[in-house]
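Presented below is the structure to which this report refers.
Throughout, read-outs are computed from the coordinates displayed, never taken from laboratory work. Small disclaimer: the values here were computed from a predicted structure and weren't measured. In this analysis, Cβ positions are derived from the backbone assuming ideal geometry, glycine residues included, and neighbour counts consider all displayed protein chains.
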Amino acid sequence: AQSVTQLGSHVSVSEGALVLLRCNYSSSVPPYLFWYVQYPNQGLQLLLKYTTGATLVKGINGFEAEFKKSETSFHLTKPSAHMSDAAEYFCAVSPHQGGATNKLIFGTGTLLAVQP
Amino acid sequence: EAGVAQSPRYKIIEKRQSVAFWCNPISGHATLYWYQQILGQGPKLLIQFQNNGVVDDSQLPKDRFSAERLKGVDSTLKIQPAKLEDSAVYLCASSLNYNNEQFFGPGTRLTVL
């Protein structure tokens, strides 16, 4: 069965500092991997996704993530944090094992706080 | 392009009462999803529709939860009767087809007292 583990339910960084949010997955088949962001009282918004091909994926708002199969990881990074990055971030995996389903299996989320 | 619409945004009920949530997906999207997001957890898929047919409802508590998608457009999710542990945000999402990006609505926050 597929699963996602996000290390650190709360992460705090200073404005301008590196953002690193960790995600490890478990999957019996090569998965599709996603990062979503959720601002207060809003739905989830896709930041970036990995399906196949280049393992370094660039997303919106300056975020990027690298798929490392050997480490079963898909960590999210941003070189310089901005106050507007404060939100909750979810890593997700989709098993895409065929058929008409691509359900997302989410981690428990990491709440990012950005200090001035 | 209009996003996924959900109503109501907030609902407070007492246990054993019934409640219904409504979702209007993005126009032309064939696939519709309902997720349950309990505080402190990630969203969990309850049910997935492809047009008006159910593709996956393996995690839907069918003794109390039901969902339908009439005419392959709008969808309603119902809980009857509600339990305290049903307190959560219920997210609706839609995608052009089952292998396309999912777009999420703002959710309905349910509190069961």
Three principal axis lengths of chain B [C-alpha, angstrom, descending]:
37, 26, 24
Would you please put A:16-27, A:84-95 in order of how densely packed they are, using the mean number of other Cβ atoms within 10 angstrom per residue and starting with the highest?
A:84-95, A:16-27
Cα-based Rg / Dmax (Å) for the stretch B:50-113
12.9, 38
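Among B:79, B:47, which comes first, then next, by fewest other beta-carbon atoms within 10 Å?
Numbers: B:79 22, B:47 25.
The most exposed by this proxy come first: B:79, B:47.
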Label residue B:100 and residue B:68 with points 7 Å out from Cα along Cα→Cβ: what is the distance between them in nm?
2.6
Determine Rg/Rh for the protein assembly as shown; Rg is computed over alpha-carbon atoms and Rh is the Kirkwood hydrodynamic estimate from the same atoms.
0.97
Can you pull the mean other chain C-beta count within 10 Å for peptide B:97-104?
5
Placing +1 on each Lys and Arg Cβ and -1 on each Asp and Glu Cβ in chain B, then taking the dipole about the Cα centre, the residue among B:77, B:2, B:17 whose Cα reaches farthest towards the positive end is B:17
Would you work out the charge dipole size for the stretch B:17-113 about its Cα centre, treating the Cβ of every Lys and Arg as +1 and the Cβ of every Asp and Glu as -1, and quote it to the nearest 20 debye?
160
Pull up the cross-link candidates among the lysines for residue A:103, meaning alpha carbon to alpha carbon under 18 Å and not fewer than 8 places away within one chain.
A:49, B:44
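Mind checking B:47-56 for the average number of partner chain beta-carbons within 10 Å of each residue's beta-carbon? Mind showing how you got there, number by number?
Numbers: counts 1, 4, 0, 2, 1, 0, 1, 0, 5, 5.
The mean count of partner-chain Cβ atoms within 10 Å per residue comes to 2.
Which value, in debye to the nearest 20, describes the size of the charge dipole of chain A about its Cα centre when Lys and Arg Cβ atoms bear +1, Asp and Glu Cβ atoms bear -1, and nothing else is charged?
Values: 7 positive and 6 negative charges, 59 e Å.
Roughly 280 debye, rounded to the nearest 20.
Counting only other chains, what is the mean number of Cβ atoms within 10 angstrom of the Cβ of each residue in peptide A:102-110?
Details: counts 12, 12, 8, 4, 7, 2, 3, 5, 0.
Average per residue, whole number: 6.
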In Å³ and rounded to a whole number, note down the convex hull volume per residue for the Cα atoms of the stretch A:1-101.
113
